[in-house]
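The values are calculated or read from the model by the stated rules, or taken from the named source; none is laboratory data. None of these values were measured; they are calculated from a predicted model. Backbone-built Cβ (ideal geometry, glycine too); neighbour counts: all protein chains shown. Ligands, DNA and RNA are excluded from the accessible area calculation, which covers all protein heavy atoms including side chains. Shrake-Rupley method; radii C 1.70, N 1.55, O 1.52, S 1.80 Å.
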Amino acid sequence: MNLIFLGPPGAGKGTQAKRLIDRLRIPQLSTGDNLRKAVAGGTPLGKQAKVLMDAGKLVPDEIVNGIIDEALGSPEVANGFLLDGFPRTVPQAQALDQMLQKRGRRIDHVILLEVPTEILVGRLSGRQTCPKCQTSYGKDSPPRVPGICDNDGEKLIVRPDDQPERVRQRMVEYGSKTALLTGYYQARGVVRPVDGVGSVDEVEKRIIRALKA
Ligand code: AP5
């Protein structure tokens, strides 16, 4: 199954993606996680991306297109993949079409996670993230030991782009560029809107139902 998770910052894409990949046994291809690893590694790409990410702005299409094209060439995606945070602009969606076409594949479902802005802001202001495995923790899903990742014992951090003014900028980027993708994929009949408000378990069940429908 080839899936895209679409939704505004804080909608729960990463949280739900990490659950779904275990269930479906497909890899999560997250441009955000990938870019944060490049930033942490201090690579030339990471240095270029850091300034834009910290400001809440999108990094250039060519960079993220390259990351995804390389990932789609890997044997790990033979049974499918879950794209989290990509595409985010119409040119990225068009580039993805070409990447899939040359491999004889297509998108089966676009899960659109819908959450009101005031809830998104509340979630992001309380988020802590593991710099190693990128798991997010929130007020409703805290780690077992405060400040420590359940998976690998790393010290949790607050993402620089979770500062309130950067969250606002990310919402603007989403509204002006990424939201257009709903119409792009609706025209193909693959968009599955899912109410993203409720417990993480409840939202997961809705996603499973939407995929089966
Ligand atoms: P990215 O990492 O993709 O960030 P994002 O889209 O802004 O999404 P988030 O990671 O903030 O939120 P999420 O929806 O995954 O929510 P989460 O599960 O963590 O991108 C970061 C940056 O990288 C971009 O701004 C850009 O600069 C760059 N970038 C990445 N991709 C790019 C691309 N394609 N093109 C250009 N630039 C790109 O949940 C949020 C919080 O809520 C957590 O604390 C969680 O515990 C909690 N939570 C989750 N679900 C629930 C629930 N049901 N109830 C209560 N709390 C919940």
Practice problem: Keeping to segment 159-190, report how many residues are within 17 Å of the chain's Cα centre (by Cα), within 20 Å of residue 37 (Cα to Cα) and assigned to a loop (DSSP other than H, G, I, E, B). | Solution: 1
Quiz item: Can you name the residue in segment 82-103 that is within 8 Å of the ligand (Cβ to nearest atom) and in a loop (DSSP other than H, G, I, E, B) and is also most open to solvent (accessible area, probe 1.4 Å) among such residues?
Solution: 88
Quiz item: Among the residues of segment 70-88, is there at least one that is under 17 Å from the mean Cα position of the chain (by Cα), farther than 24 Å from residue 207 by Cβ and not aromatic (Phe, Trp, Tyr)?
Solution: no
Quiz item: Could you list, in sequence order, the residues of segment 139-154 that are in contact (Cβ under 8 Å) with a residue 24 or more places away in the chain and either open to solvent by less than 60 Å² (accessible area, probe 1.4 Å) or within 18 Å of residue 37 (Cβ to Cβ) (or both)?
Solution: 141, 154
Quiz prompt | Residue that is modelled with the lowest pLDDT, among those in segment 104-145 that are touching a strand residue (DSSP E or B) at 6+ places or on another chain (Cβ under 9 Å), part of a loop (DSSP other than H, G, I, E, B) and over 30 Å from residue 188 (Cβ atoms) | solution = 126
